[in-house]
Every structure is written in structure tokens, then in C-alpha cells.
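What follows is a set of notes on a single structure, which appears directly below.
The values are calculated or read from the model by the stated rules, or taken from the named source; none is laboratory data. Computed from a predicted model, the values in this text were never measured in an experiment. Because the Cβ atoms are built from the backbone with ideal geometry, glycine has one as well, and the counts that use them run over all protein chains shown.
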């Protein structure tokens, strides 16, 4: 079936029937084209959502306190709840075996930062050394905070990439001195990037202990964050993470004597639970897109099959002649099958390439948070290609069988 | 020969294994031809038999040369050899110069000559011709019959189905059919077609 001679036969028939071949090819082309575009977009949505999501670690539990809104056990509403170092140490001890990274922060929303003649307003956060991993930050240069900084209350600062560009332009900031709030000098020891983008890169980190001292905060902390040790099984990790965040919430409620109905006084959020929902959503979107794509291809295949049937009908007499001249039934089957596979594979391939190029061209124009870099990856392309070959064989099979079953005498009578 | 509906073509088709007999037996090359599978039938048709049809049955999108070469393709000969042999037979029927022409660029007589060349190409033992002159005018008919006689003189058996008495007279033996039965089988003095051209 796969020798040069039979290819020559097929090219000859295709050359003589250009329009017919084109029409057949077009439906397959369109099917594959649409599938590739859909796959690209589903990848894009996944990229977008994942990026949004991974601006922080996905297994994060964060804890914040606010003001009570309901009275409880004789206490008035409107009471401000303040976390302290002791609470942090307490929780650390209690959940030690589940904790991967831990940090407590003390932050001010806006702080003035000066470097030589440049100045800007940035969020200043006192944090622990693990902050880097919880925020999913990567170092561009220098280092992050370490335990020594915290113990010695060093005046060192880690700045975001955005701040570096604002204040230092092309200069290397590591080792330079900056001034916070016009009264304290800090030495820059590192620059980080954050997948969260510009907003998250406009922050400055200093040791928590230093922050508490500089801002006169005593033992106060604003928030606590943990990441949970991941387990092999994702569902199990989600369960552990949920149990831990609920338990922490209970703990703090009784510590601060908060009304169980009061939702806004203590806020413990659990990213993993949300991650699970989002990944579920992405899977659903992917499934729906595949379903639509495969449906479109099936429509294409049916089209090819249909046209091949017409071709067989149209060529009944020719097939009769071929049989009278000694063509084997397998040669007739092979001829039709090969033509169908060839047309589907070729037009599908063109559709695949067109789809990939269209995505490449479209990708830079797409600028929404939930759709990033829509493109067809190699896996998708190979899967599509495999579908194509199978599709071609399916499309050709029934017509080919019919062709080989034609009785020569009936075929020759056919006018 | 015989009148329309007497079963001439059916007999020829059965002999050519294009059709199957409802009853009776047919033995070709010591093989009983009955419920033969398509694969073996195809091999017999290819090696033993050459067909010539009233309506020529050339493949319209192939040129004369490719039409003649088609049976050789199914014998799996290499392309070069197919073309050489096809050319040889086209020369034999006097159409070497028309090798590149498509069937619709040829006259009726020329088409039938291409069909004859095609039937000869696989070097068959027997040629089966179903009304080979049925669609041709008298003059062209005689030209075609001249060709057929020439092939016969080379020692090849040819079965011609016709209802025209003058064509029948150009054969060596006439079998008459009526209502599906042989009613007469006689040897005749062959009239050379050339004399009438």
C-alpha cells in the first residue's frame, strides 16, 4: 500500500479532481483549526489563572485579625484584636509537624523611601526569613532576610524589582543605603521578583524585629502566614490544610474570646482549598473544549466519509474497469483508504499549522489577567495529529469497503 | 452471434469472470470457476483475459499510454517497463503518436484501438470482445476488425460478440445463440476485413 506507484495513482486522481479534493479537505482543515485554537485558549486560561494564583504559594494559610462586630461574653463589639509575638510562637509550636514555611509580618501601608535624589512611596513590611517562599519570590540579586538579621535587628532591606527600577534605574542597588520615612538608613541587600507582578514588586521587606522597633510596635504583629507541607495526594493535602486552618481559627477565637458568629474579627484563609476549586474549574473547561473540538473533527470526518462515498459512486465504472483489468479488491480498498487518509492528514496538518500560527499571532494581543500566552503545546499537537490519522482511516473505511465490494459487471453497466 | 437479448454478452461476461452463472459449470485452465474469491478472479482476469468493450471503457482522466499501462500496474511491473510495453502495443495499433492524448481527444476508432492495445498489454491467452464495433461506423469497424484479425493470426484466441452479420463473417467460427441457448455452431470461411476497407 505504501509504495511510490500507489502514491502516483493517488496524486493523479487528486490532480484531476482539484475542487472536490479541496472541498473535502476544507472541512477537516476547519475542524483541526478550531480544535487547535480551543486547545490554545484552554492552555491560555490555565496559564492565566495559574499565574494569578501562584503570585503566592498555593499551599498558603494566612491569618489576620480585625475588629469585632458582635458582642460576646460581656465584651462589647468594636474591640480591636491584636496578634502578638507570643501568638505566633504558640501556633508555631502547636502545628510544627504540618508547617513547611512560616512568617509573621508587621507592615505599614505607605512609607517614604529615598535614595539619593529619587523618592517614592512603598509598602514596608517587617517579615521573617521564610517570607520569600510564602510569597513565591525569586531573588534577582543579593539575598533575602535571614535569621541573623532578625536576631540582630539589622537595618537591611530587600526591595522589589519595580522599586529597583523606580529608584535605582541602571544602578546595582545591592550594598547601597536608602532612607525610610526620612529618619532611618537601611542597607539594600537583595532584589526580588514576584509572579504577582508590579503591585507585589513595589514592596520593601525588612526584618520583623527591626520593624517592630522602628515603628514602635512592641510585640505587635499584623499577620501570620504558613505554608502547609504538601503530601503526595493533592486531596489529602487539601484536607490537612483545611483542618489546620479551621483549628487555628478555633484557637484564636477562644484566645481572643470572639463570638463564633463574628466572621470579620478573625480571618484565616486557606489557598489550597481555593486552588482545588480553580484546578477543578480548569479541568472542566479543558474537558468542554476537547468535547467541542472532537465534535468539530467528527463533523469533518463525516464530511470526508460522505464525500468519499460520492467519489466511490462517481468512480464506480472506473473501479469496474480496474477490476476487469485485474485489480485486487485489496488494491481498490487501499486506493480509496489511502486517498482519504492522505487528504485528511494533509489538510489536518495545514489546519494544525494554521492554528498554531494564528495563536502565535494572537498571543501578544491578548492582555487579560485570566488568559495568558494562549498556545498549542507539543503534546496537544501530537495528540491532534494522531486523531487525524485515525480520522482519515475511519473516514475512508466504509467507502473503501463499498468500493471493493462492487461487482465488476454491475460497475461496467453503470453509466 | 444472436439477436438482442439472446445471452451473448452474458455468456461472454461469464467466460470473463465478470459475472457468475446461475447454473452449470465453467472450467478455465483446469480450475472450476464457481464462487471463486475475488482475489483469484482478479489474478485470472489479469493474466489470462483481455477485455474489449463496446463503450471502450477507457479511464477518462488517464492518457492513452496510462490506460494501456494500467493492467501492467496491477501486475506490479516497474513504471519504466510498463511504459515501454504500453508504447509497444500503442505502436502495434498505430497510435504511438497519440500516446499523450486523453480519451476525449481521440475518435471512436482510435479509442477502440487504445482499448485493444490495453487488452493486449497483459499478454492474455484469450481476448473477449463485446460488440467491439457496436459504436463505430462501417469503415472504422472494418479497420478495427482488421486489427483483431491480425492479432488472431498471431495465434491468440479471440471471442467476438456481435449482431452484425458482416462482422461475424470476418471470424473463423460462428456460434449462434437464441434465448440463452446455442442453436448453431459452424466454421466459416473468413472474410478478410482489409478487402472491404
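Worth a mention:
- Which numbered condition residue B:12 fails, given (1) within 29 Å of residue B:163 (Cβ to Cβ); (2) within 9 Å of another protein chain (Cβ to nearest Cβ): (2)
- Matching residues in the range A:371-415 - criterion: being in a loop (DSSP other than H, G, I, E, B) and more than 14 Å from chain B (Cβ to nearest Cβ): A:372, A:373, A:374, A:375, A:376, A:377
- Considering only residues in the range B:122-147 that are outside any loop (DSSP other than H, G, I, E, B) and touching a residue at least 60 places away in the same chain (Cβ under 8 Å), the one that is surrounded by the fewest Cβ atoms within 10 Å (Cβ to Cβ) turns out to be B:126.
- Sole residue being away from chain B (no Cβ under 14 Å), farther than 26 Å from residue B:129 by Cα, surrounded by 15 or more Cβ atoms within 10 Å (Cβ to Cβ) and in contact (Cβ under 8 Å) with a residue 40 or more places away in the chain, chosen from A:341, A:311: A:341
- Summed over the range A:214-234, the residues that are part of a helix (DSSP H, G or I) and either under 30 Å from residue A:157 (Cα atoms) or free of Cβ contacts under 8 Å to residues at least 40 places away in the same chain (or both) give a count of 1.
- Test: residue in the range A:191-205 that is part of a helix (DSSP H, G or I) and either in the same structural domain as residue A:123 (by TED's automatic domain parsing) or over 15 Å from residue A:127 (Cα atoms) (or both): no
- Every condition in (1) under 22 Å from residue A:160 (Cα atoms); (2) under 28 Å from the mean Cα position of the chain (by Cα) holds for residue A:175 except the one numbered (2).
- All of (1) surrounded by fewer than 20 Cβ atoms within 10 Å (Cβ to Cβ); (2) in contact with a strand residue (DSSP E or B) (Cβ under 6 Å, 6 or more places away or on another chain); (3) modelled with pLDDT of 90 or more hold for residue A:202 with one exception: (3).
- On the stretch given as the range A:252-269, residues that are in a helix (DSSP H, G or I) and in contact (Cβ under 8 Å) with a residue 40 or more places away in the chain total 3.
- Scanning the range A:314-330 for residues that are within 51 Å of the chain's Cα centre (by Cα) and free of Cβ contacts under 8 Å to residues at least 24 places away in the same chain gives a single hit, A:314.
- Exclusive hit being in contact with a helix residue (DSSP H, G or I) (Cβ under 7 Å, 6 or more places away or on another chain) and over 24 Å from residue A:413 (Cα atoms), set A:312, A:356: A:356
- Residue count for the range B:15-53, restricted to those that are in contact (Cβ under 8 Å) with a residue 40 or more places away in the chain, closer than 24 Å to residue B:178 by Cβ and within 9 Å of chain A (Cβ to nearest Cβ): 2.
- Residue match in the range B:64-73 (condition: away from chain A (no Cβ under 14 Å), modelled with pLDDT of 90 or more, touching a helix residue (DSSP H, G or I) at 6+ places or on another chain (Cβ under 9 Å) and under 26 Å from residue B:142 (Cα atoms)): yes
- Qualifying residue in the range A:249-261 (condition: modelled with pLDDT under 85, over 24 Å from residue A:123 (Cα atoms), touching a helix residue (DSSP H, G or I) at 6+ places or on another chain (Cβ under 6 Å) and not assigned by TED's automatic domain parsing to the domain that holds residue A:174): no
- Within the range B:175-188, the set of residues being within 22 Å of the chain's Cα centre (by Cα) and outside any strand (DSSP E or B) comprises B:180, B:188.
- Residue among B:6, B:60 that is surrounded by fewer than 17 Cβ atoms within 10 Å (Cβ to Cβ), more than 7 Å from chain A (Cβ to nearest Cβ) and touching a residue at least 40 places away in the same chain (Cβ under 8 Å): B:60
- Qualifying positions in the range A:57-76 - touching a residue at least 24 places away in the same chain (Cβ under 8 Å) and either assigned by TED's automatic domain parsing to the domain that holds residue A:207 or at positive phi (or both): A:73
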